[in-house]
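The values are calculated or read from the model by the stated rules, or taken from the named source; none is laboratory data. Everything numeric here is computed off the predicted structure, so don't read it as measured data. With ideal geometry, Cβ positions are generated from the backbone for all residues, glycine too; neighbour counts draw on all protein chains shown. When the accessible area is computed, the model is the full protein with side chains, heavy atoms only, and any ligands, DNA or RNA have been set aside. Shrake-Rupley method; radii C 1.70, N 1.55, O 1.52, S 1.80 Å.
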Amino acid sequence: GTFTVSRNGTAGDLVVSYAVSGTAAAGTDYTAPSGTVAIPDGQSSATVQLVPVDDGVVELGEAVTLTLVASDPTRYEIGAAGSATVAIADD
């Protein structure tokens, strides 16, 4: 899954913090992401890739929710769409 983090404007580098939660387990069901995403100067968005781990365990579908965290409220504030969810399906 891919999460896109967007901002208004494009001036300056911006590092945005996030937390992940859900029924899927980081490190077991997907590779744990770093917890921050950098939007470079001149860009209005950046992506966070969620990479599933292909294991031999038969499981039901699971979900991962990424929620933005206002770790530096002087640099940014979170809008109405501050979280999103992707589903991980077993193959």
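What are the residues in region 27-54 that are part of a strand (DSSP E or B), open to solvent by 30 Å² or more (accessible area, probe 1.4 Å) and in contact (Cβ under 8 Å) with a residue 24 or more places away in the chain, if any? Across region 27-54, the qualifying residues are Ala38, Ser45, Thr47, Gln49, Pro52. Given (1) open to solvent by less than 60 Å² (accessible area, probe 1.4 Å); (2) within 11 Å of the chain's Cα centre (by Cα), where does Thr85 come up short, assuming only one miss? Condition (1) is where Thr85 drops out.
Under the condition of being open to solvent by 30 Å² or more (accessible area, probe 1.4 Å) and either of a type in the set (Asp, Glu) or within 12 Å of the chain's Cα centre (by Cα) (or both), the residues counted in region 3-21 number 6.
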